[in-house]
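Chemist: What follows is a structure written as structure tokens; I'll ask about it next.
The values are calculated or read from the model by the stated rules, or taken from the named source; none is laboratory data. This structure is a prediction, so every number in the text was calculated from the model and none was measured. Every residue, glycine as well, gets a Cβ built from its backbone with ideal geometry; the counts of neighbours run over all protein chains shown.
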């Protein structure tokens with residue numbers, strides 16, 4: 001709708017986990033390095049939390065994109081609303097087994113066989129549980145912990161990565177045996193104002209933009225109203241670009257941003 005007007009090759013503010021748009025703020029870069037370390041060194045478990053919309057899923061997709069597919073087998077659970085046995089069966093399915101056994105003991109044995117086969121062929125298995133805060137049954141966490149018992153004498157046979165919103169920390173704290181297995185931890189927070197400026201400019205440039213599209217005043221308001229949360233920044237910037245076309249603007253100014261916020265609250269004070 002607005003690409004030609006703003007001289008862009010693609011939409012810069014889509015809320016999709018495209019690793020190309022991973023913005024390496026200081027904290028996001030640190031989180032990426034820690035997760036990659038946990039994988040490369042075959043650590044048992046890693047733990048990533050952050051507020052809704054802070055970029056956890058995009059970070060995980062960047063991790064997957066950065067590791068060598070010839071050396072790592074990745075199992076990605078994006079909506080783990082399973083009970084314990086269903087989760088184990090999904091893991092086995094993603095390991096390449098279509099004909100799933102009925103008995104839990106057989107499922108576990110086959111998972112162990114797959115993990116061992118991966119190691120003997122020079123591959124390490126990475127199990128990523130995104131949105132892990134939705135897991136309600138403590139037994140599901142316990143089954144995941146038990147997978148870390150699949151070990152050789154000198155290494156874990158898989159690396160388990162939990163990712164979720166802050167309430168995940170409270171759930172994990174109730175499982176001290178699992179906490180002891182977590183070698184890497186990191187918590188993401190929203191961007192600050194300086195990072196928000198760089199974030200917006202980075203995305204515009206990556207989408208093919210050759211000039212500054214948002215004024216400093218507009219970005220300041222975007223930061224204020226979004227609180228520095230990337231997903232909220234994306235939503236506001238995308239709509240601003242669309243509205244700017246209709247107004248035939250040369251840049252997105254403060255007036256455009258405030259008009260969006262006011263219209264969404266029927267003229268009242270806007271709050272996220």
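Chemist: Give me the pairs, please: first residue somewhere in segment 133-160 and in the same structural domain as residue 172 (by TED's automatic domain parsing), second residue anywhere and loosely packed, with under 15 Cβ neighbours inside 10 Å and in a loop (DSSP other than H, G, I, E, B), beta-carbon distance under 6 Å, and either six or more positions apart or on two chains.
Modeler: From segment 133-160, the pairs are 134/81; 137/83.
Chemist: Considering only segment 136-144, I want to know if a residue exists there that is assigned to a loop (DSSP other than H, G, I, E, B) and under 30 Å from residue 235 (Cβ atoms).
Modeler: yes
Chemist: Additional query: Taking segment 119-143 as the search range and keeping residues that are in contact with a helix residue (DSSP H, G or I) (Cβ under 6 Å, 6 or more places away or on another chain) and over 18 Å from residue 166 (Cα atoms), which one is surrounded by the most Cβ atoms within 10 Å (Cβ to Cβ)?
Modeler: 125
Chemist: Picking from 91, 111, which residue would you name as being farther than 22 Å from residue 36 by Cα, in the same structural domain as residue 176 (by TED's automatic domain parsing), crowded, with 19+ Cβ neighbours inside 10 Å and at pLDDT 95 or above?
Modeler: Sole residue among the options that is farther than 22 Å from residue 36 by Cα, in the same structural domain as residue 176 (by TED's automatic domain parsing), crowded, with 19+ Cβ neighbours inside 10 Å and at pLDDT 95 or above: 111.
Chemist: Against the conditions (1) part of a helix (DSSP H, G or I); (2) in contact (Cβ under 8 Å) with a residue 60 or more places away in the chain; (3) assigned by TED's automatic domain parsing to the domain that holds residue 131, where does residue 233 fall short? Just the number, please.
Modeler: All conditions pass for residue 233, except number (3).
Chemist: Given 147, 206, 236, which one is touching a helix residue (DSSP H, G or I) at 6+ places or on another chain (Cβ under 9 Å), over 30 Å from residue 9 (Cβ atoms) and at pLDDT 95 or above? Before you say what the answer is, go through the steps one by one.
Modeler: Details: 206 fails: over 30 Å from residue 9 (Cβ atoms); 236 fails: over 30 Å from residue 9 (Cβ atoms).
The conditions single out 147.
Chemist: Helices (runs of 4 or more DSSP H) wholly in segment 164-208 with at least 1 residues that are outside the structural domain of residue 52 (by TED's automatic domain parsing), crowded, with 17+ Cβ neighbours inside 10 Å and out of contact with any strand residue (DSSP E or B) (no Cβ under 7 Å at 6 or more places or on another chain) - which ones?
Modeler: Because the criterion is at least 1 residues that are outside the structural domain of residue 52 (by TED's automatic domain parsing), crowded, with 17+ Cβ neighbours inside 10 Å and out of contact with any strand residue (DSSP E or B) (no Cβ under 7 Å at 6 or more places or on another chain), the helices (runs of 4 or more DSSP H) in segment 164-208 that meet it are 193-206.
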